[in-house]
Amino acid sequence: CNALIKMVDDLFLISRFDMKKIDLDLLSLNLAETIRDLCSFFLPLAQEKNLNLSIGKCDDVIIRGDKTRINQLLTNLLDNAIKFSPAGGSILLTLTAKDDSVQLTVEDTGPGIPEEDIPHLFKRLYQVDKTRSEGLTGSGLGLHISQRIAEAHGGIITVKSTQGKGTAFTVALPLQA
């Protein structure tokens, strides 16, 4: 029941993005603080799966953003990293200020994503090969929503993946002027 409620909520959010009726509650947001909070929240889940969840370089940066939506974007990425990384693997979060933008990366040591799937990852309801996620729940909406949230904040999200070695999602957002 909870999974269906989440899917309906996600579909309503996408619909609001499509109709350009998404209202962001923009405020000064310290991304380093957000990352530390999310890492603390996800640490027990990672430890339960015997994953090493850590923060690498973490510049103290301020963006103009909607805290709820930025948390949702990062939660989607972290949830996927934990879900797809095998026991004994690792997840690394980094936050780097570059000129007038900030780059936040969630890198895992999961199975990687086949090259032919990468162009489709951010499509609504798209899921990589079902056998890869056998027994795992998901709707195929999380990455689409993450992309829409990044774009609503004037940013982009990209992915680099090597099969058998892992995947890195990078969100680039403008720094607050």
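The values are calculated or read from the model by the stated rules, or taken from the named source; none is laboratory data. Just so you know, these numbers come straight off a predicted model, no measurement behind them. FYI the Cβ positions are ideal-geometry reconstructions off the backbone, even for glycines, and counts take in every protein chain you see. Just the protein is used for accessible areas: all its heavy atoms, side chains included, with ligands, DNA and RNA removed. Shrake-Rupley method; radii C 1.70, N 1.55, O 1.52, S 1.80 Å.
Could you say whether any residue in region 158-173 is at pLDDT below 90 and within 12 Å of the chain's Cα centre (by Cα)? Taking every residue of region 158-173 in turn, none turns out to be at pLDDT below 90 and within 12 Å of the chain's Cα centre (by Cα). Looking at Leu4, Leu92, Leu104, Leu11, just one residue is more than 18 Å from Pro174 (Cα to Cα), modelled with pLDDT of 95 or more and of a type outside the set (Ser, Thr, Tyr), and that residue is Leu92.
All told, Gly142 meets the bar of being open to solvent by less than 30 Å² (accessible area, probe 1.4 Å), at pLDDT 70 or above and within 30 Å of Leu26 (Cβ to Cβ). None of Leu104, Leu78, Leu74 is aliphatic (A, V, I, L, M), open to solvent by less than 30 Å² (accessible area, probe 1.4 Å), touching a Cys at 6+ places or on another chain (Cβ under 9 Å) and farther than 16 Å from Lys165 by Cα except Leu78. Select from region 27-53 the residues that are in a strand (DSSP E or B) and open to solvent by less than 40 Å² (accessible area, probe 1.4 Å) and write down the one among them that is modelled with the highest pLDDT. Per the stated criteria, the residue is Leu53. A single member of Ile113, Ile82 is assigned to a helix (DSSP H, G or I) and under 17 Å from Ser146 (Cβ atoms), and it is Ile82. Of the set (1) outside any loop (DSSP other than H, G, I, E, B); (2) in contact with a helix residue (DSSP H, G or I) (Cβ under 9 Å, 6 or more places away or on another chain); (3) touching a residue at least 40 places away in the same chain (Cβ under 8 Å), all apply to Asn71 but (3). Just to be sure, is Ile22 within 23 Å of Glu151 (Cβ to Cβ), modelled with pLDDT under 90, among the β-branched types (Val, Ile, Thr) and not in a helix (DSSP H, G or I)? So Ile22 passes the test. In region 107-127, the residue that is most open to solvent (accessible area, probe 1.4 Å) out of those that are out of contact with any strand residue (DSSP E or B) (no Cβ under 6 Å at 6 or more places or on another chain) and acidic (Asp, Glu) is Glu115.
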